[in-house]
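All remarks here apply to the structure that follows.
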Amino acid sequence: MPTPSMEDYLERIYKLIDEKGYARVSDIAEGLEVHPSSVTKMIQKLDKDEYLIYEKYRGLVLTSKGKKVGKRLVDRHQLLEEFLSLIGVQQENIYKDVEGIEHHLSWDSITRIETLVEYFRRDESRIQTLYAIHSELASDS
């Protein structure tokens with residue numbers, strides 16, 4: 001399995017390729033707020049670990065392994081954003097909170113959160129009940 005840092009790069013590369021059709025070192029560096037030299041080092045490591053194929057000055061292509069992991073990471077991120085939104089976390093906190101927790105949850109926990117999100121999706125009244133309980137608890141404190 002990739003390290004949390006590798007996951008951040010794979011997630012960003014996957015998103016860039018999905019959105020733009022390609023991922024440049026400068027785009028990756030900008031998105032992750034790191035220096036281009038750090039991106040180049042990580043790309044070389046991801047190439048060595050067969051997540052992508054990198055040719056200097058020509059670009060990179062995700063392998064099937066890289067695409068699979070990248071998609072899974074993007075899906076995890078979106079699921080956690082949806083979950084936090086669903087439970088009423090303020091929108092301005094969601095992205096930062098997801099970035100803070102996504103690498104610390106097991107895939108078992110992610111699967112359970114996915115089940116919980118689906119539970120709430122299937123019946124809107126469940127969400128209303130959740131909000132009512134939250135309001136009740138907040139007024140008690």
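The values are calculated or read from the model by the stated rules, or taken from the named source; none is laboratory data. Every value quoted in this text rests on a predicted model; they were computed, and no experiment measured them. For neighbour counting, all protein chains shown are included, and Cβ atoms are generated from backbone atoms with ideal geometry for every residue, glycine included. Surface areas here come from the heavy atoms of the whole protein model, side chains and all, with no ligands, DNA or RNA. Shrake-Rupley method; radii C 1.70, N 1.55, O 1.52, S 1.80 Å.
Computed quantities for the displayed model
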| read-out | value |
| --- | --- |
| Sorted peptide list for 55-65, 76-86, 10-20, criterion being average Cβ within 10 angstrom, highest first | 10-20, 76-86, 55-65 |
| Long-range HN-HN contacts of Ala23 with modeled amide H, under 5 Å | Leu60 |
| Tilt relative to the chain, helix 91-101 - C-alpha long axis, 0 to 90 degrees, to 10 | 60 degrees |
| Efficiency of FRET from Cβ geometry, Ser85 and Lys20, R₀ 22 Å, rounded to 0.05 | 0.30 |
| Alpha-carbon centroids, region 1-46 and region 50-96: separation in whole Å | 10 Å |
| Inter-label distance, nm, simple model (7 Å from Cα along the C-beta direction), His104/Tyr119 | 2.3 nm |
| Residue-count net charge about Arg112 - beta-carbon cut-off 13 Å; Lys, Arg +1, Asp, Glu -1 | -2 |
| Separation of the Arg72 and Met1 label points, Cα + 7 Å toward Cβ, nm | 0.9 nm |
| log₁₀ of I(q)/I(0) at q = 0.15, 0.20, 0.21 Å⁻¹ - the chain, Debye sum with one point per alpha carbon | -0.80, -1.18, -1.26 |
| Solvent exposure of the chain as accessible area per residue, Å², 1.4 Å probe | 66 Å² |
| Among the listed pairs Lys20/Lys67; Lys20/Lys65; Lys15/Lys41; Lys20/Lys71; Lys20/Lys41; Lys15/Lys67, those beyond 18 Å (Cα-Cα) | Lys20/Lys65; Lys15/Lys41; Lys20/Lys41 |
| Per-residue ³J(HN,Hα) for region 69-81, Karplus 6.51 cos²θ - 1.76 cosθ + 1.60, θ = phi - 60°, Hz, x for Gly and Pro | 5, x, 5, 4, 5, 5, 4, 4, 4, 5, 4, 5, 4 |
| For Leu52, residues with placed amide H under 5 Å, excluding near neighbours | Asp47, Thr63 |
| J(HN,Hα) series, region 136-141, from Karplus relation 6.51 cos²θ - 1.76 cosθ + 1.60, nearest Hz, glycine and proline x | 4, 5, 5, 6, 6, 8 |
| Within the accessible area of region 29-138 (1.4 Å probe), percent carbon and sulfur | 52 percent |
| Vicinal HN-Hα couplings computed from phi for region 6-16 (Karplus, 6.51 cos²θ - 1.76 cosθ + 1.60; Hz; Gly/Pro x) | 4, 4, 4, 5, 4, 4, 5, 4, 4, 5, 4 |
